[in-house]
Structure formats: structure tokens, C-alpha cells
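Inspection log for the structure reproduced underneath, given as C-alpha cells.
The values are calculated or read from the model by the stated rules, or taken from the named source; none is laboratory data. Predicted model, so just to flag it, every value in this text is computed and none were measured. Note that we place each Cβ from the backbone using ideal geometry, even for glycine, and neighbour counts take in every protein chain shown. Quick note on the areas: whole protein, heavy atoms, side chains included, nothing else; ligands and nucleic acids left out. Shrake-Rupley method; radii C 1.70, N 1.55, O 1.52, S 1.80 Å.
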Amino acid sequence: MAKINPIDPDYFKDERAAPGFKVIGTTVPRSDALGHVTGRTEFFEDRTFPNLAHLKIHRSPHHHALIDSVDTSHAEQTPGVLRVLTYKDVPANWYGVLRLIGIGPDDEPVLAEDRVIYKGEPIVAVVADSEAAALEGASRVRVSYTELPAVLDVEEAMSPDAPIIKRAGTNYFVYEGHHSRRIRFGDVEAGFARADHVFDWRYSSAPIEHAPTETTGCIVVPQSNGRLLIHSNTQAAFFTLDNTALIINRAPTDLQVKGGTVGGGFGGKVDVMVEPLACIAATLTNRPVKFVYTREEEMQVSSPRAAERIYIKDGVLSDGRIVARKIMLYVDAGAYARHSPYGATKAAAHLPGPYTIPNVHADCHCVYTNRTPSSAMRGFGVTIADFAIESQMDRIARALDLDPLEFRLRNAYRDGDLKAHRKVASGTALIEVIQRAAELVGHELPEEYRAMSSTTPRGAQA
Amino acid sequence: MTVTIVNLKVNGVDQAFMARPGTTLLLALREQLGLTGAKRGCAQGACGSCTVLLDGAPVVSCLVPATTVDGADIATVEGLADGQQLSDVQQAFLDGFATQCGFCTPGMLMSAEALLARNPDPTADEVNEAISGNVCRCTGYAPIVSAILDAAERRRNRVEATH
Amino acid sequence: MTLLRGRGYASVNYPTGMNLGGDPSQAIIHATTMGGFVVTLSSVDLGQGLKTVVAQCAAETLGIPMENVIIDTADTDTGPHCMGTFASRGTHRVGNAVIMAAREAREVMLQVAADELEVDAGDLETDGTGFVRLKGSPATKIHISDIALAAHFKQGKSISGRGIFLKERSYPVPETGEMDPDSCQAHACTVAEVEVDDETGIVTVLRMYNTYEIGRALNPAMVAQQVEGGAWMGVSHAIFESTEPYYPASRAHGPIDFCEYLMPGPAEIPVQTSVILERPASNGPFGAKGIGEMTANAPIPAIANAIFDACGVRLTTMPFTPESVLRGLDALRAA
Ligand code: FES
Ligand code: FES
């Protein structure tokens, strides 16, 4: 039988009163489960089409190199190969997915032109009768390179003598003239001056793969009326449609995306990586074309969760009140922007975590390196920041010999507090989840802490 | 290119397909027999989403050359239910909310069916072992393990009831 | 060899939605001849169960049984725009759009019923089983299939509704970072108990106790799915996962399959005990907040803190591999 976690009715009693719901709050069966257990759920790849062609990619073996020449003749002569695509076949080769909401510049080529800036960057696409022929054709593409020094560290990339790897001229995303998304709240230096203790530590993470069990892919089917029908496992149907239309320079009304049933996404299927090339291939061959990542491509070439490096400096009073927090955060965007500029902004809005701190200073950098471009993943901008912040909280509590939960409760944000990005907090419940967790594990809290509430203003406490 | 005609039984029905060298059982099932329940999660033998039963034993069909299954008896997820009547394992997955995206589900079900066929009363450790080749990225496994244990109990109760 | 045990804590919040450029989703609902209500969307279900929760939102608002709701989604020719499934926005945005559409459709449905029953629409209510009835005199009632038939063939009315939820755009102020990117905040606190093997460096997460504040639990079994699956991913991130095990020093050694890219299997999962709190969000569908992403976050630092508690090694780099634990233990011994 289904596991159900108890809902504690004693918290927020008045607010949660439910006005006679009939369906909401009840465990109704999942509408998709019967299809899942009978194998009838239709994922994009479960559709078969006569004459289906397959698309595979020839990729860069170098982190950073100039392309001297590309020879596709052997690929073209491979039995079963229908068509070989280079950047010249992509009508609007340079793109950036966030241009739909006005974020630029377009910094990524669909297929590399005169250089590659990460290992695995696509250079040539091969369309063939079978997957095997497409793979064989892709392996027969000959590219000659002049290797360039690679930048693989975020702070090195930011240093003035680092080689510039981006055509926009900086190894970082420019936020309205700034080298980072900034938070400036109160006076952080005055806060440190006032503090009894200052703690300054560094945290970091490595890239992480979404690893959905179904890899990223699509099948594009030319329709009798000239339109293209895209069966896709994208996480965002219109976002994919609009970006694809811009890249292939067709009217958006020429395209139709069908999807909605996806074998896991976790943020890995919002990058619009497969649809544009499959559309071009389907148009040029007038055949249905499938482009689906292999597991190896999914693991090493598709965007991972960005690695981050985070420095947190805290000023704390002896009684455990944090009075200043300064954060330097570096998101390793890899070679191209994709969704990372957004992730760094999301991180900025999240800082300094769920605590009310009167003086906050944060610089969140979106840095380019010669790595697989990172992008959105479950909690991006927040997950790694939470690791850093909550490790920091634990270390400070230990350094000052404070109870770790009492230390958090003392600084927890409440309704009415002004957050560092100048939004007034409402609907807060950090205090209550801590109190309830303490109860769950028999961690005794003094009455003063048990009496705290998110809905009562901090008053003299602040 | 030599093409081999492969005769086999799939879910109790006689079937045949033409296999080119290099084709896998998974692709034959999906593309030639239209049985798309088994999924391709990796084509490397490492995710289990393509699991089917070959003469009763669970195999990752993406690694089985199609030409080698002549005369074999294959069971896939499509054959588990008897008409509208779900198998115990299917029903337990349904009742236990053991599916999220559902992509791993067909493979999980086949691994579970194979386990219960040879061991009607498995321990949790034996269930863990049986599905250790099946990757699930969504559920955290606990509901899947519970569902398989629940299915084992349902099966035992049914057997008792008929005795 | 010694097995060292420790406990660690972490508490977090998480925003629902991430908007800067304007974040909308739409829904359209119409009744079929026999009283089915088709909810047309272009939203994507990644496995979290969006199709089911938005059907619940529609059924609740229309006052009809779940069986009468049909979700038709993610065809851009028929479904109205949805920004996509990410940033814990799906349930919140799409749920709100569906509620708005369902309210409009409900109003027409009640008006058609009122004309059939020759009463005032304001005096009608739904009973949730498929009937519209007169408040206070439940014998005066009409089934939704009869309402739909009357609308189609007698009254010439379209029982339908349009809904949109838009989180308005908010551009950050470049100097200060002032912005309004999200709609509400969910909360979580995790207590993790670990065991560290001081000979192999292997960390085993034994138990996790979680409390989650999620606004409103729309479907409790699906809440359990989200929180347990998410916490598993948190454990996996904490002690196993990376595409670049020697980041940033080396780009080599990247795993290319599930044999090399490690994640906890069914034998390596902690026992999870979770409690849900509800503080409904004023702008959420029936108060719900987005929780899809948050559930993976608190376990990571809770595990890091538990490792320190167990063996005195402070790991500041994810993931917390056996190698990093052993190096930490060596450093402690050398000190
Ligand atoms: S597809 Fe066969 S094991 Fe992954
Ligand atoms: S339910 Fe998604 S992989 Fe298992």
C-alpha cells in the first residue's frame, strides 16, 4: 500500500483549515500508473515510423582548439549515409535559449564553426538509414585542429591574464555592466566590525548529471502540409518550439511539438539540444529523423548541474546572532551560457539562506570555462548554496558551542522580515520545521525556542 | 548482409522476425514486433530498463543478439496482465505508488516477476538483490521494494486460498 | 576498523517558481456532450504527477468526480501556452490556471443547470458525485451529463473556461539585487544519521528524519513520492555523484554509464521518517507550494554535518567520497 507521511495538524491550525474539500488532500491514484505498469505509456521513442532516419554527431576531442579544416567526404561516402550537416546548414547557427526572455548575447553555435571550446562540442551531424550507419559516418569525419590552452578553473578564468575563451570578450556573463549578480543589503563591513567572531570558509562541488532513465531525444516527422511534427521529451513544449523556430529560421506555425510524457527530466531536458538539428535533417531528407542521446552523451555531453565554489564570511555576535554575511559564489557555466546566468541570479535571490541577517553582500558569478556547458538542474542556484550555508551554520554553532538548532532558530527568518533582495518575507515556516524535526528525534529545545513562531515578529530579538 | 529469420514465442504467442547482424533482442521487440514496453535507457546493459525474461530468466535485452533467441520463450511487460486482470506485481506497483516517470517500471516489473517465480517469499535483501541491475532515478527505490514484497504476499495468499 | 556514528542537521527554504521575464501558464476547459471535462494544456509531466494533481484541481473546482476529468496535454497545436516544467513551478502555475478555467466553466455549468431546473443559479451547488442540486433541497438535482447534453443540443451554450496564471516580470536592480523572482517559499529540516567506516572511508546514511512545510498536500501519496524520491537524490548527490570525479584538477575520468556513475541502490538507502506541515500559500492552488526540487537539498548538508559529528572530518567539497573521508582522517591523525 502507498506510504503516506503524516500531516501534523497542530501547526498553522487556523491557516490550514480546509473548507470541505472533496478531492484535494485525498490520495487519488495516479492517472498514468496503469499505463506505466502495463508498458503502454507512450514515450517519444515508442513511436515507430517507416523510413526513419537517424542522426549522430561528430564531436570535439579537445577542450579548446581552432578548427583548421573539416573533411566530410568519407562520411558522405559511408553506405547508408543520407546527408552530412555542418554549421553552414543551420540557418541561424548562433543562439541562446534565454533570448526568449531577453537574455543575451547568443553565445552558442548549434554546430561549431572555426573553433571548439569544450570536449564533446558538436561539429558535424550525420544522417543515415540506420543508427549504425550514422555512427559509422560520424566516426569518418576528419577534423584537424590547432590546440589552444584550456581554462578549467572558475577563479583562474576570472583572473586578468586568463586566455579569453568567449567571443563576447569576457570569461563571465555580464549582468548589466557588472561581473556578477550582486546583492547589496545593509553595510557588511560595519557588520563585521561589530561582530565578536568572524568565520570565513570555502565550499565547492563537482558537476552532477541529471541521469534521467530516458535520455534526451526527439523524432521529427515531416507532415503532408509541409509542417514539422516534433515528438519530444522536452520539459517545455513551447520553449522548445520557439527556440527551434528561431534556429532553423522557420515560422513557429510551421512547427508542432507533441510530448508531455517524459522519463525523468530534473532540469536536463530544457536545453533545446536535439530538436533543431533533427528538424533540419528531416527537412533536407524529407524523412522522419530521430536524434536521441546515447547514455554516454547524456553523461558527458549533456549539461550537468554546475559545479560551484562558494566563499562565505560571517560576522557573529557572542550570543549567536549573525550580523553580517558576505558571499562570493562562482557557478561553473562551462563553455556556454544556456540557463546558467539565470541560475546565478536564482542563487543571489536565495542568499543569505533562510536567515534574517541585517548586512549582506553577495557576488554571484556565472563563469565560463572549457567544460561541458552546465545548465538547469533540480534546485540550481540553491542546492549547492544550501550545502555551503548549512555546513557554515553547523561549523559556527560548534565554534561558539551553541546548539545547532537553537542557533538556526535564533537567526531564522519570519513573516515581515526584509530579505536581502528586498522582498518582505511571508508564509514562512522555517522555525516550525526545525521545531518539529527536533521533536521527531527527541532533540530537546528550551521553552524559549519552542515558543518561537514564524508569525510573531522578531521584536527585540532582531 | 545476411538476414536470419528468428522464430520464437513472445508472451505465449508464436512470432518471427528478420534479424540483421548486430540487431539486439530489444530492438527486435520494439521495432519489429511493436512491443515497446521494454525501454532503451542505455543500450549498455547497465540500467535494466530493457529487462525481459528469456526462458524465464531476466536478461538485459539490449545485450542479447537477436539472432541468438531462435526457439526461445520471451516474456515482456505486455504479457503480464491477463486481459484486464493485472498481475500481483503490477497491482502492487499501482497500489503502492511505486511509479513516477514510469520509464524504469517495465524492467523493474520483469525483474520482480522473475524473482517471485523462483522465490515466492523473498526477504527485503533478496528483493534488493533482484533489482540491483535496475536503475530508478525518481522513486528512491523504497516504494518499489515495498511493492514487490507486497506482491509476494498477495501471491502467497492467493495460493493458500486456492488450496 | 571502527564504525563511527554521527548526527547532522540542516534546514532550508525553497522558492516556488523563478521568474524574471514573466512566467505564465494557461489552461482551457470544455465539456463534452456527456459531461466529460477536458482540460487542455501544453504542460509536461516529468513523472512528478502533474497530470494527476491538476486533474484534482479541476475536479475540486468544478465539483465533479475525478473520472469526469480528462487531461489532454502537451500538443502545441491544441494546448495553450505553458512556460514549462522546472523551478518547482508546475503544480503552482498550472494548478492556478486550471482553477481559473474551471471556475469559468463551472459558472456556465451552473447557469445551464439553473435554466433546466428553473431555479436561480446562485442557489445551486455541486455534490461532488456528478450532480448539481438545489441548496437545502437536494432532491431537486440534475446530473452533469444531462447538463452537458442540454448545453449542447438545447440551450446552445459552450460549457468552457479559460485560465491563466502569470507571475509578472521582475527585473533585478543591478546595483542592489532587489527583485521579486518567486511566488512563495517551502521549507524543510533534515536530521541525518550516518555511519563512517574509518578504514574504508565509506559513509552509510542510516536514517533520515525530515519535516517539510509544503503549503497544502494536494495528494498525500504523491507528496510521499516527491519527498522520498527527492531525499534519495540528496543522499546520492552527497556521497556518490559526479561527472568529473577530480574536478577541477582534471577533466578526465568522467563516467559514461551507470556502472561508473554511482548512485545508491535499493540496499543503500536510509530509512526515512517524514512529517508534513501545511502553511497554505495565499497565491497557491488550494495553498500548495512547489516542492519538487527542495526535497533533495537539506539531506546534503545534513549528511556533511553528520560525517563531522561522526569522525571529526569536515568535508567542504561534494561529493563526500570514501577517498575524501580517508584523506580527512589522515589529516586529523597527522595533526
Ligand atoms: S537499455 Fe539495456 S540495460 Fe540499459
Ligand atoms: S520511476 Fe522514473 S526512473 Fe523509476
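Here are the numbers for this structure:
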quantity: Among C:Pro172, C:Pro270, C:Pro220, residue whose mean-square fluctuation peaks in a GNM of chain C (springs only between Cα atoms under 10 Å); calculated: C:Pro172
quantity: Gyration tensor (Cα) of chain C, equivalent ellipsoid semi-axes in angstrom; calculated: 51, 20, 17
quantity: DSSP-defined antiparallel bridges as percent of all bridges, the protein assembly as shown, nearest 5; calculated: 75 percent
quantity: Simple spin-label estimate for B:Glu160 and A:Asp14 in nanometres, 7 Å along Cα-Cβ; calculated: 5.2 nm
quantity: Cα-projected label distance for C:Thr129 with A:Gln223, points at 7 Å along beta-carbon direction, nm; calculated: 4.4 nm
quantity: 11 Å beta-carbon shell around B:Ile148, net charge (K/R +1, D/E -1); calculated: -3
quantity: B:Ala57 paired with C:Asp120, simple spin-label distance in nm, labels 7 Å along Cα-to-beta-carbon; calculated: 7.8 nm
quantity: Size of region A:53-147 as Cα extents on the principal axes (Å, biggest first); calculated: 44, 31, 19
quantity: Neighbourhood charge, 11 Å Cβ-Cβ cut-off, centred on C:Ile291 and excluding it, Lys, Arg +1 and Asp, Glu -1; calculated: 0
quantity: Where GluC sites (Glu not before Pro) in DSSP loops with at most 16 other Cβ within 10 Å are excluded, longest remaining stretch of chain C; calculated: C:1-117
quantity: Quarter of Cα convex hull surface for region C:183-335, i.e. mean projection, nm²; calculated: 10.7 nm²
quantity: Cα pair distances exceeding 16 angstrom across region B:88-162, given as percent; calculated: 40 percent
quantity: Paramagnetic reach from A:His74 (point 7 Å along Cα→Cβ, amide N under 13 Å) across region A:114-149; calculated: A:136-144
quantity: MRE, 222 nm, helices only [DSSP H, n ≥ 4, -39500 (n - 2.57), over chain B, to nearest 500]; calculated: -9500 deg cm²/dmol
quantity: Set of aspartates and glutamates with alpha-carbon distance to B:Lys39 below 14 Å, sequence-local pairs under 8 removed; calculated: A:Glu42, A:Glu45, A:Asp46, A:Glu214, B:Glu31, B:Glu78
quantity: Kyte-Doolittle mean at least 0.0, axial Cα span of 24 Å or more - DSSP H helices of chain C; calculated: C:90-117, C:220-239
quantity: Rounded to whole Å, sorted largest first: equivalent-ellipsoid semi-axes of region C:1-79, Cα gyration tensor; calculated: 39, 18, 13
quantity: Global form of chain A, assessed from the alpha-carbon gyration tensor, a/c cut-off 1.5; calculated: oblate
quantity: CD proxy at 222 nm, helix term only [per DSSP H run n ≥ 4: -39500 (n - 2.57); per residue of chain A; nearest 500]; calculated: -7000 deg cm²/dmol
quantity: Cα-based Rg of region A:217-294 normalised by 2.2 N^0.38 Å, two decimals; calculated: 0.99
quantity: Inter-centroid distance (Cα atoms) of region A:49-91 relative to region C:1-50, Å; calculated: 38 Å
quantity: Dimensionless Rg/Rh of region C:250-309 - Kirkwood Rh, Rg from C-alpha atoms; calculated: 1.12
quantity: Gaussian network model of chain C, springs between alpha carbon atoms under 10 Å - residue of C:Ser42, C:Ser170, C:Ser183 with greatest fluctuation; calculated: C:Ser170
quantity: Estimated translational D of the protein assembly as shown in µm²/s (Stokes, Kirkwood radius over Cα pairs; 10 °C; 1.306 mPa s); calculated: 55 µm²/s
quantity: Heavy atoms of A:Thr213: accessible area, 1.4 Å probe, square angstrom to 10; calculated: 10 Å²
quantity: Directionally averaged shadow of region C:19-165, computed from the convex hull of its alpha-carbon atoms, nm²; calculated: 9.0 nm²
quantity: GluC sites (Glu not before Pro) within region A:81-154, DSSP loop, no more than 16 other Cβ atoms inside 10 Å; calculated: A:Glu113
quantity: Residues C:Thr176 and C:Glu67, FRET efficiency given R0 of 45 Å [Cβ-Cβ distance, rounded to 0.05]; calculated: 0.30
quantity: Filter on A:Lys56/A:Lys119; A:Lys326/C:Lys167; A:Lys258/C:Lys51; A:Lys13/A:Lys423; A:Lys119/A:Lys290 - keep pairs with C-alpha separation over 21 Å; calculated: A:Lys326/C:Lys167; A:Lys13/A:Lys423; A:Lys119/A:Lys290
quantity: Acute angle (nearest 10 degrees) that the helix A:383-399 long axis makes with the longest principal axis of chain A, alpha-carbon atoms; calculated: 30 degrees
quantity: Most mobile of B:Glu113, B:Glu31, B:Glu153 in a GNM of chain B (Cα contacts under 10 Å); calculated: B:Glu31
quantity: Value at 222 nm in deg cm²/dmol, rounded to 500, when DSSP H runs of n ≥ 4 in chain C each add -39,500 (n - 2.57); calculated: -9500 deg cm²/dmol
quantity: Solvent-free Debye scattering, log10 I(q)/I(0), computed from the Cα coordinates of region B:35-145 at q = 0.12, 0.14 Å⁻¹; calculated: -0.38, -0.52
quantity: A:Glu156-B:Asp70 FRET efficiency (beta carbon distance; Förster radius 41 Å; 0.05 resolution); calculated: 0.10
quantity: FRET E, pair A:Lys423, C:Ser145, Förster distance 35 Å, beta-carbon r, rounded to 0.05; calculated: 0.15
